[in-house]
Amino acid sequence: MATYHLRIKDDTKSGGKRISAKKHVNYILREDGKSHADYINREGAQSDRNDCIFKRSQLPKWAKGSAQKFFSAATRYEDKGNVRYREIELSLPNELSLEQNLEIVSKFIAEHLSSHYYAYAIHEKAGELSGERHPHVHIMFSERMIDDVEKMSERPACKYFRRAAKPLKGERVASFERRREHGAPKDKKWHNKKYLYEIRADFARIQNEVLARNGFSIRVNHRSLKAQQAEAEKHGDDFASNLYKRIPESYIGVIQAHEDNELSNGVKRYREIIQSKQHSLFQDDMRKKTAQEEETKFLVRQAERAWLFLSNSPAYKAANLEDETLKKLNQVILSGLARIQKLKRRIVGFLGAREHVRKEYLPATDHQFLLDYESKMKQCEDLERLSKELIPPTGNYSENLQAFQTIKRGVEKKISDLRSFLAQNNPQYWAILGKLEEPYRRKNVELVMHRLLQNDLDVLWELKKTSTAVLKNVDALRAKIEVPKMPKTIFTAREVRDHLFEQYRSLKNQREEAIDICNSLMLKRIFPSEAMNIAKNFFVHDRFKKLHIEREQYEKALANYEREKLEIRERELLFQNRKWTNQSEKFQAQYYLTKAKINLEETGRRLSHIKIRLDNELTRLENLCQTKEAQEEIALLAADILHKNLKFAQEYETAKKLVADLSEKLQEAKKRFNAFDDGYRRLKQNRVYRVIQPESNSSKTSALKENELVAIIADALLGEPYAVQLVAFSSGNNLEMEKDWEMMTESDKDEIIRKKIIREL
């Protein structure tokens, strides 16, 4: 797990007691079992500890590659009050390999320790508290620098650790000779707190660069919990803000971690509390982010659907989009929709984030197993849905029914095989998912998923903003191109007749269009027998199709052969019945006739061979498709073809039902029109009609459409009792004051007159 830890210390213990540089380097490098260098290098008495996995040093020639010899000299020759060595402890990401972690260490040393002698060792062991893999590096180095004198000619040990030469009076820098006789200067930056802070920031940057370069999303942060909390609050990240709102963990060393004491036990309990807190915060955060994601997707669908309905409407197609205002508004909508598509591609989403962390934190074999298992799980679900959705063939076509039953059996067999596979591998599937739930791995998984989904928030906000703008602009464009039509409420008998005829003609046109659509869908619909043939052809890589083309060519050639055969027979009869006077002409005609017969016989033999070859090839392909494995695969291919064609099959059934419904409505409309037309001449042509309803239902009456009003008036004129009570008529002589309407109460008439007078004023 990538965690940040950088600690710099020197050879002074608490209380002022000095640590032996020789023993410390042995403890680190594991060289003689009595010093810290042994611990680092896992050598000598520490050699049975196999957690030292890499060592490297930069030392003077006189040390002969021995860090122990170098730091022993530091202990011997450094002045009593001087720091003889410094040590930097760095925690390394356990997501990375040794080579990748070496890249971090090498880059850190190149930037901060290249001008010093040093020795370092990378240890890798299980953490005493966490139990997880814990790679880390110990770097021991001297504060003394490799100056220009040292680079030109190394000083001996007795001189290297002396005090550095100070410039004499009048000198800015001590002379080369004097510096050669004195020690190397100490780098003062190691006593500068500002520089030590820069080191911390650099180490975090280097780790994050290497993690990113190797495809890991986790990042480390060198700042304090308080600083990270403040940044999270600034960016509105409640999850991170609450997570960092805690007391920093107490540092305990290796020895303390081994001991069963109050400090180590307290740290363990504290870690468990923090992990539980993070998991709880993460679940709440996921619920919120998933809800935001679904809400945004719903708004996007609304915007896209609104534009689809508008762009397919008659008003949009009839609108003059060259008008500057409409053109500009239309372009704004199209730009918004293009922006929506671009933003949708940037969303990672919950499923994308989950797949991302699986790929990062699981071995390649485990990740591939999950992909295969979930692919088969989805395939099983799709086949189960397909089995339910397959439409059995209608009619008395036994070939279709037999093909459908074969396909159905093939699908059910595949479902059974998939269920068996899923049941058999289910324990392994959950065991692999359980790896992601291990506390130390789950922590990083949750942090990575949170960061990915947190980055989605800006995109989701932009999507919501853009979708809202598109909806607003679609409504504005609709308002400009759709001119509202004032509803007509008063009708003459002729207008009623024209409306009824228009309804009849409209239904007739709709029925004809529906029949055309039904016929078109019938051609697109694939029946089970056709699906089986397509699947068989696909299974043998289009060989049936090629064979069919060759068969057509053969049939055409055979037809030509039969025609030529008849022609030669006619020529032969003519030759036999003709009385020849010229023997030379007879012999010439006989020669050409014989030659034609020989060519025809050759063509017949060739066609016979072609037929045998085609029949053999057909038999071979049919036999190839009859094996058990082939039958199962062909059935699945046919099921997939039917499933893809399901849309046309369903649309065909819907179209058939629509044709039947329209036919019924058309008959009813024709019957009503004929009945009304028969009594039309008996009606008074100067009368007008309107629908009247009781006062309690007046709001419902005003909401009726024009066609509905005409239908009620027509029913009333045809003598329907319920409609007669709802329709009033007038002679049309005094419509302005509405006083000659019959079947209206006086209060209704007065209310209409009052409203009309107010409008006119």
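The values are calculated or read from the model by the stated rules, or taken from the named source; none is laboratory data. What you see is a predicted model, and the numbers here were worked out from it, not measured in a lab. In this analysis, Cβ positions are derived from the backbone assuming ideal geometry, glycine residues included, and neighbour counts consider all displayed protein chains.
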Practice item. Find the helices (runs of 4 or more DSSP H) located wholly in segment 319-416 whose residues include 2 or more that are among the aliphatic types (A, V, I, L, M) and within 28 Å of A635 (Cβ to Cβ), and list them. Key: 364-389
Check your understanding: For segment 573-596, does any single residue satisfy the condition of being out of contact with any Pro (no Cβ under 7 Å at 6 or more places or on another chain), loosely packed, with under 15 Cβ neighbours inside 10 Å, within 30 Å of I641 (Cα to Cα) and of a type outside the set (D, E)?
Key -> no
Practice item. Starting from residues that are surrounded by 15 or more Cβ atoms within 10 Å (Cβ to Cβ) and assigned to a loop (DSSP other than H, G, I, E, B), keep the ones in segment 222-237 and report whichever is nearest to the chain's Cα centre (by Cα). Key: D237
Exercise for review: Please work out which one of (1) out of contact with any Leu (no Cβ under 6 Å at 6 or more places or on another chain); (2) in a helix (DSSP H, G or I); (3) not β-branched (V, I, T) is the condition F538 fails and give its number.
Suggested key: (1)
Review point. Among (1) over 30 Å from R339 (Cα atoms); (2) surrounded by 15 or more Cβ atoms within 10 Å (Cβ to Cβ); (3) modelled with pLDDT under 90; (4) of a type in the set (V, I, T), which single condition is I515 missing?
Key: (3)
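Yes/no per residue for (1) touching a strand residue (DSSP E or B) at 6+ places or on another chain (Cβ under 7 Å); (2) without any contact (Cβ under 8 Å) to a residue 12 or more places away in the chain:
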residue	(1), (2)
T75	no, no
D79	no, no
V83	yes, no
S91	yes, no
E99	no, yes
V105	yes, no
H112	no, no
A119	yes, no
Practice item. Looking for whichever is surrounded by 18 or more Cβ atoms within 10 Å (Cβ to Cβ), part of a helix (DSSP H, G or I), modelled with pLDDT of 85 or more and not β-branched (V, I, T) here; the options are A649, A655. Which one fits? Key: A655
Review point. Based on what the data block shows, is L614 among the aliphatic types (A, V, I, L, M) and under 60 Å from the mean Cα position of the chain (by Cα)?
Key: yes
Check your understanding: Do any residues in segment 503-517 that are assigned to a helix (DSSP H, G or I) have Cβ atoms under 7 Å from those of residues that are among the β-branched types (V, I, T), where the two are at least six apart or on different chains, and which pairs are they?
Key -> R511/V659; A514/V659; I515/V659
Review point. Which residues, taken from segment 619-646, are among the hydroxyl-bearing types (S, T, Y) and part of a helix (DSSP H, G or I)?
Key: T619
Review point. Does G349 meet the test of being more than 29 Å from R478 (Cβ to Cβ) and either in contact with a helix residue (DSSP H, G or I) (Cβ under 7 Å, 6 or more places away or on another chain) or modelled with pLDDT of 90 or more (or both)?
Key: yes
Review point. If only one of R76, R172 is in the same structural domain as I206 (by TED's automatic domain parsing), of a type in the set (K, R), exposed (fewer than 14 other Cβ atoms within 10 Å of the Cβ) and part of a helix (DSSP H, G or I), which one is it?
Key: R76
Exercise for review: Name every residue in segment 359-403 that is among the aliphatic types (A, V, I, L, M) and surrounded by fewer than 14 Cβ atoms within 10 Å (Cβ to Cβ), in order of residue number.
Suggested key: A364, L371
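Looking at segment 216-267, which of its residues are modelled with pLDDT under 75 and in contact with a Ser or Thr (Cβ under 9 Å, 6 or more places away or on another chain)? Steps first, please.
As a first pass, look at segment 216-267 and keep what is modelled with pLDDT under 75: 247-267.
Of everything in segment 216-267, those that are modelled with pLDDT under 75 and in contact with a Ser or Thr (Cβ under 9 Å, 6 or more places away or on another chain) turn out to be P248, I252, Q256, A257, H258, L263, G266, V267.
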